[in-house]
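Asks: Okay, here's the structure, questions in a sec.
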Amino acid sequence: MIKRIVALALCIVMAIGLFGCDKASKLPKYAEKQFEISGFWAPYEITEEAFKQYKDVGFTHLAMINHSLGGTSEEQFYLGSDRTMKSLEICKKVGLKAILNYNDWMVPRCEEEGEDFYGDTPFSKFDIYGDYKDIITGIHICDEPYLKNWNNQNHFELYGNKTLIDDFKKIYPDAKYIVNLIPYTAYASRGFESYDEMMELYEKTFMDPFEKPMVSVDVYPFHQDNKQDDGTLLLNYQYIANSAKKYGVKPTFILQSSVGGADEGRKEFEMELSESDLRWEVYNALAYGTDSLQYYCYSVPKSFDEDGNEVFMYDNCILNRDDTPSDVYYSLQKIHKEIQSFASVILAYDWAQTVGVTGVDDQTFRMSQIELDHTTWKPIRLNDCEIYEDATSTHDMLISRFTSKEYGEAYLFLNWAERGDSNTITATFKNCKSVAIYGGIGFEGTPEIVELDENGKFELKLEYGEGVFVTPLTK
């Protein structure tokens with residue numbers, strides 16, 4: 001009798017094992033990839049310890065942007081500065097890639113340099129980083145360019161001139177020429193009549209000359225007493241993602257990681273960024289096909305008053321004012337591990353379209369720019385879907401369709417409910433019997449395999465800020 005029970009138990013274990021192997025065998029094999037992640041306001045201290053702390057939040061690249069210190073070669077990042085060279089040496093040691101900073105507006109303010117320090121071909125003039133070309137992935141050229149600024153400079157002419165770009169391509173043929181865009185709510189401040197006008201000139205000036213151009217924008221949705229950027233975030237991301245799609249690249253999004261503001265006056269940002277808020281930011285970027293995230297800020301920007309006292313711009317960023325990790329640091333550390341654990345999967349697909357879906361039980365009215373056709377006022381639907389049929393949710397949600405020549409279609413679902421609200425989503429797929437679900441809170445790399453019911457339906461329960469990437473298993 002005991003032998004029969006043991007034999008029966010062994011058969012059950014083998015059956016479970018075989019069933020599990022069968023499900024696992026359905027999963028495609030993806031090439032190894034990871035998200036590029038970095039933060040503005042690089043560490044103040046140029047030391048191995050400071051750079052390791054920077055890396056340990058989950059950053060892969062050092063963005064050499066921080067102009068809070070004095071006007072010397074040791075204190076500022078620019079081509080040829082001591083700070084840049086020393087940072088490259090440490091990046092190499094600790095395993096970080098690097099984004100250099102052109103920083104031409106700061107160079108004349110430095111004690112050692114003059115107005116003509118760079119000349120017409122600065123990348124050739126300072127082609128001194130041969131030992132580090134393998135880790136230099138881009139150079140930050142300009143942030144939020146003006147059509148005409150207070151000095152009557154046209155940044156599109158200044159940084160889009162053929163001599164400068166040709167010199168860059170000659171010295172850094174595989175690196176990104178980085179010009180980051182102003183958000184939708186502020187295009188008029190840069191001298192434009194519309195965002196469309198700005199995007200058209202940006203593409204012509206900074207994307208057409210490159211085989212693999214870069215396009216990025218910074219949108220910060222958690223302002224104190226101001227929801228403009230929150231209300232236009234999806235529209236803004238749509239512009240950037242469509243531009244990237246047009247040129248066959250993936251977009252970069254710069255996310256808010258700064259909290260509060262200066263000690264005096266009104267705070268610029270809200271006084272808390274929860275883990276869920278940060279996850280919501282990250283998954284919005286993923287929903288629009290990004291492969292590169294940056295944060296504003298890592299260190300807390302500061303200046304100095306007449307008496308030499310530090311004046312901080314924010315209460316904290318990813319670091320506190322004393323350069324110790326803040327709560328934001330530990331939240332992002334967790335989120336970065338989650339998304340890197342399925343980076344090889346989602347980065348195998350390209351973004352195609354994103355739509356908003358109004359919740360059945362509750363609505364936020366924050367998604368109208370991508371939810372409704374403003375000529376017919378009918379809901380916008382996902383186009384050309386071979387797998388997706390329909391989806392409903394108790395609260396507002398975002399759905400993005402991704403495609404791959406090799407792997408077919410995949411979909412990202414993101415809870416767009418108000419803070420603290422969970423969301424139950426019911427999706428209907430066709431032409432498949434099960435799906436693999438990647439991502440979400442605490443995800444560690446192994447997808448959940450979910451069988452569809454007889455009507456092709458499956459259910460997702462997502463907390464505030466949570467998103468998942470769903471691939472159909474058609475074999």
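The values are calculated or read from the model by the stated rules, or taken from the named source; none is laboratory data. Bear in mind the structure is a predicted one, so any value in this text is a computation, not a measurement. Don't worry about glycine lacking a Cβ; one is built from the backbone with ideal geometry, like all the others, and counts go over all protein chains shown. What goes into the accessible areas is simple: the full protein's heavy atoms, side chains included, and nothing from ligands, DNA or RNA. Shrake-Rupley method; radii C 1.70, N 1.55, O 1.52, S 1.80 Å.
Asks: Provide, for q = 0.22, 0.26 Å⁻¹, the log10 of I(q)/I(0) from a solvent-free Debye sum over equal Cα point scatterers in segment 338-380.
Replies: Ignoring solvent entirely, the Cα scatterers give -0.78, -0.86.
Asks: Scattering from the C-alpha atoms of segment 392-457 alone, worked out with Debye: what is log10 I(q)/I(0) at q = 0.15, 0.24 1/Å?
Replies: -0.58, -1.32
Asks: Residues of segment 118-145 with backbone nitrogen within less than 16 Å of a virtual label 7 Å along the Cα-to-Cβ line of ASN151, please, listed as ranges.
Replies: Taking a point 7 Å out along Cα→Cβ of ASN151, the residues of segment 118-145 whose backbone N falls under 16 Å are 118-120, 141-145.
Asks: So, one more: Below 14 angstrom from the Cβ of ASN180, what's the summed charge of the other residues (Lys, Arg +1; Asp, Glu -1)?
Replies: -1
Asks: Taking N as the number of residues in segment 207-310, what is its Cα Rg relative to 2.2 N^0.38 Å?
Replies: Here the Cα radius of gyration is 1.27 times the empirical estimate.
Asks: Please list 3J(HN,Hα) in residue order for segment 354-366, calculated via the Karplus relation 6.51 cos²θ - 1.76 cosθ + 1.60 where θ = phi - 60°; whole Hz, with x for glycine and proline.
Replies: So the J values, rounded to whole Hz, are 10, 9, x, 10, 6, x, 6, 8, 8, 10, 9, 6, 10.
Asks: Looking only at segment 169-183, which residues have a backbone nitrogen under 18 Å from a spot 7 Å from the Cα of ASP120 in the C-beta direction?
Replies: Output list for this probe position: 169-171.
Asks: What percentage of the solvent-accessible surface of segment 273-336, computed with a 1.4 Å probe over protein heavy atoms, is contributed by carbon and sulfur atoms?
Replies: 41
Asks: Given the C-alpha atoms of segment 113-231, compute the convex hull and give its volume per residue in Å³.
Replies: Dividing the Cα hull volume of segment 113-231 by its residue count gives 150 Å³.
Asks: Which Rg and Dmax, in Å, describe the Cα atoms of the chain?
Replies: 24.2, 93
Asks: Hey, how much of the P(r) for segment 360-475 falls beyond 20 Å, as a percent of Cα pairs?
Replies: Every Cα pair in segment 360-475 considered, those over 20 Å come to 43 percent.
Asks: Further question: Roughly speaking, what is the stretch gain from GLU32 to ARG109, that is 0.36 nm per residue apart minus the C-alpha to C-alpha distance, in nm to one decimal?
Replies: Length gained between GLU32 and ARG109: 23.3 nm.
Asks: What residues qualify as long-range amide H neighbours of ILE65, i.e. H under 5 Å apart, gap of 5 or more or another chain, H built at 1.01 Å from N?
Replies: Those lying under 5 Å, H to H, from ILE65 are TRP41, ALA42.
Asks: Which cross-chain or sequence-distant (5 or more) residues have an amide H under 5 Å from the amide H of THR364, H modelled 1.01 Å from N in plane?
Replies: For THR364, whose amide H was placed from the backbone, the distant partners under 5 Å are GLY359, ASP396.
Asks: Could you give the size of the charge dipole of segment 361-436 about its Cα centre, using +1 on the Cβ of each K and R and -1 on the Cβ of each D and E, expressed in debye and rounded to the nearest 20?
Replies: With only Lys, Arg, Asp and Glu charged at Cβ, the dipole is about 180 debye.
Asks: Same structure again: What ³J(HN,Hα) values, in whole Hz, does the Karplus curve 6.51 cos²θ - 1.76 cosθ + 1.60 give for segment 86-94 when θ = phi - 60°, with x put for Gly and Pro?
Replies: Working through the residues one at a time gives 5, 5, 5, 4, 6, 3, 4, 5, 9 Hz.
Asks: Just the number, please: percent antiparallel of the DSSP beta bridges in the chain, rounded to the nearest 5.
Replies: So the antiparallel bridges amount to about 65 percent of the total.
Asks: With the cut-off at 22 Å, tell me which of the pairs LYS169/LYS204; LYS250/LYS457; LYS204/LYS250; LYS86/LYS334; LYS405/LYS430; LYS212/LYS245 have Cα atoms farther apart than that.
Replies: Check vs 22 Å cut-off fails for LYS250/LYS457; LYS86/LYS334.
Asks: Sticking with this one: When Lys and Arg each count +1 and Asp and Glu each count -1, what net charge do the other residues less than 15 Å away from LYS457, Cβ to Cβ, add up to?
Replies: Value of the local net charge: -3.
Asks: Evaluated at 20 °C with a viscosity of 1.002 mPa s, what Stokes-Einstein diffusion coefficient in µm²/s does segment 181-238 have when Rh comes from the Kirkwood expression over alpha-carbon pairs?
Replies: Diffusion coefficient, whole number: 173 µm²/s.
Asks: Using 1/(1 + (r/R0)^6) with R0 = 45 angstrom and r between the beta carbons of LYS227 and ASP350, what's the FRET efficiency to the nearest 0.05?
Replies: 0.90
Asks: Let me ask you something else. Using alpha-carbon positions, what is the distance between the centroids of segment 300-349 and segment 81-143, in Å?
Replies: The two parts, judged by their Cα centres, are 23 Å apart.
Asks: Same structure again: What value in Å³ per residue do you get for the convex hull of the alpha-carbon atoms in segment 268-329?
Replies: Output value, Cα hull per residue: 99 Å³.
Asks: What does the accessible area per residue of the chain come to in Å², with a 1.4 Å probe and no ligands, DNA or RNA counted?
Replies: In whole numbers, the chain has 46 Å² accessible per residue.
Asks: Between ILE136 and residues 5 or more places away or on another chain, which pairs have amide H atoms under 5 Å apart, with H built 1.01 Å from N, and which residues are they?
Replies: Here the answer is ALA98, since their amide H atoms fall under 5 Å of that of ILE136.
Asks: Report the net charge of residues surrounding ASP208, where surrounding means a beta-carbon distance below 14 angstrom and charges are Lys +1, Arg +1, Asp -1, Glu -1.
Replies: +1
Asks: Could you work out the per residue convex hull volume over the alpha carbons of segment 260-372, in cubic angstrom?
Replies: Given the Cα convex hull of segment 260-372, per-residue volume reads 156 Å³.
Asks: Then there's this: Return the Rg/Rh ratio of segment 352-406 with Cα-based radii and a Kirkwood Rh.
Replies: In segment 352-406, Rg relative to Rh is 1.00.
Asks: Residue by residue through segment 197-202, which ³J(HN,Hα) values in whole Hz follow from phi under the Karplus form 6.51 cos²θ - 1.76 cosθ + 1.60 (θ = phi - 60°), with glycine and proline marked x?
Replies: 4, 5, 4, 4, 5, 4
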